[in-house]
Every structure is written in structure tokens, then in C-alpha cells.
Amino acid sequence: MPLNFTPQPGSAVDQDNRVVITSPRVLPASPPEDPSHDEYQYLFYVDGVRVDGLGLFGSEAMMEAEGGHERVFTLDMGRDWVLESVFSFKRILGSTDEDLTFLIGLAQGLVMANMDQSSSKYSIRYVAVTTDDALSRRGINPSQMNLPSEAGRIVLAEGRIPVRAD
């Protein structure tokens, strides 16, 4: 059954698959990683029991957007070790979904797990991305789905939090 997450306070929840992804712990990236990046550490629970986790790098940028500024957080799912961890979790769940379908569903969960914060000054957007090369190394052909791209990267999932009205 495909993953289908909804945002909940402090997490993303897939009721049908009984999976919860906690809001990430975010730390500055350690060398040799780019010091402008952050490390996101997520925990995965099934039926209330912690079964796995995922660490990945991300970046943050302030962008011009329609109606003002937007703070964009990008989650990098294009590294081989990140994809290996994703598909290890797929094996733990016993999922029979296609790899790309599973990856997109989990990416949506990671994005949704961040949807607690808001700002009265700018909108906030989370984007989970990968690359064609990273998918190809795993034997995944991204052309089977019509996925959007942004700055040469494939967008797996995104979520936006509008400006909070005070």
C-alpha cells in the first residue's frame, strides 16, 4: 500500500501503514560537508515502536516569491547512502510498492514532518529533491513519472506553509 502522510503536530502520520515520522532534529552539518548545510535526523515508528531513522543534509535559502519572501528548506535525497537508508526502511515495512513510488511517498512524509512552524513575515516551503544520476544508480527510471524539476534536481515532494496572519 503506497505511503500517504498527513502533517500532525510534531510529526507526519500515515494511518493506513501505521507509520509515524517525527519532526527532525536539525544540527549544523559536520565537516567535510558544506558548513552552510544542516543535518536533518528523522525517526521512523511503526505501531508506536521505533524501527528506523534517516539522516540527510539540507540547505536553506530566502527567495523572492509572489507576494513577498519565502524561506525554502531543501532536503537532499540524492546521495547514495540516503537512498540506501530509504530502501532499507522499505524492506523493514515489507512494502511491495515500486521503488520510485515508495521514495516519493517517504519524501512527502519527510516534508510533512516539518510543517509545524509558521512565520508572519514570509511563507515557508520544504522541498525534497534527488537527481537523475542518483536514481539511475539504483536502477530507477524517473521518466516513468512526470516529476517536476528545480535547478537541475528532481522534486520528489514539497509543502508550503503560508504567511501567518497575526
**OP:** Residue by residue through the stretch 13-40, note down the ones that are within 16 Å of the chain's Cα centre (by Cα) and open to solvent by 70 Å² or more (accessible area, probe 1.4 Å).
**Re:** 25, 26
Original post:
What about residue 53, is it open to solvent by 10 Å² or more (accessible area, probe 1.4 Å), closer than 21 Å to residue 116 by Cα and either small (Gly, Ala, Ser) or part of a strand (DSSP E or B) (or both)?
Top reply: yes
**OP:** Can you run down the residue pairs with Cβ atoms below 6 Å, 6 or more apart or on separate chains, where the first is in the stretch 84-109 and acidic (Asp, Glu) and the partner is open to solvent by less than 30 Å² (accessible area, probe 1.4 Å) and in a loop (DSSP other than H, G, I, E, B)?
**Re:** 99/140
Original post:
Of all the residues that make up the stretch 10-58, how many are out of contact with any helix residue (DSSP H, G or I) (no Cβ under 9 Å at 6 or more places or on another chain) and hydroxyl-bearing (Ser, Thr, Tyr)?
Top reply: 5
**OP:** Scan 110, 135, 106, 147 and give me the residue that is over 18 Å from residue 20 (Cα atoms) and open to solvent by less than 20 Å² (accessible area, probe 1.4 Å).
**Re:** 135
Original post:
Could you list, in sequence order, the residues of the stretch 56-66 that are of a type in the set (Asp, Glu) and in a strand (DSSP E or B)?
Top reply: 60, 64
Original post:
Is there any pair with a first residue in the stretch 13-40 that is touching a residue at least 40 places away in the same chain (Cβ under 8 Å) and a second that is among the polar types (S, T, N, Q) and open to solvent by 40 Å² or more (accessible area, probe 1.4 Å) whose Cβ atoms are under 9 Å apart and which are 6 or more apart or on different chains, and what are they?
Top reply: 14/4; 14/6; 17/4; 24/41
**OP:** Of the conditions (1) out of contact with any Phe, Trp or Tyr (no Cβ under 9 Å at 6 or more places or on another chain); (2) of a type in the set (Lys, Arg); (3) surrounded by 13 or more Cβ atoms within 10 Å (Cβ to Cβ), residue 160 clears all except one; give me its number.
**Re:** (1)
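The values are calculated or read from the model by the stated rules, or taken from the named source; none is laboratory data. Because the structure is a prediction, the values reported are computed rather than measured. All Cβ positions, glycine included, derive from the backbone under ideal geometry; neighbour counts span all protein chains shown. SASA here: full protein model, heavy atoms, side chains in, ligands and nucleic acids out. Shrake-Rupley method; radii C 1.70, N 1.55, O 1.52, S 1.80 Å.
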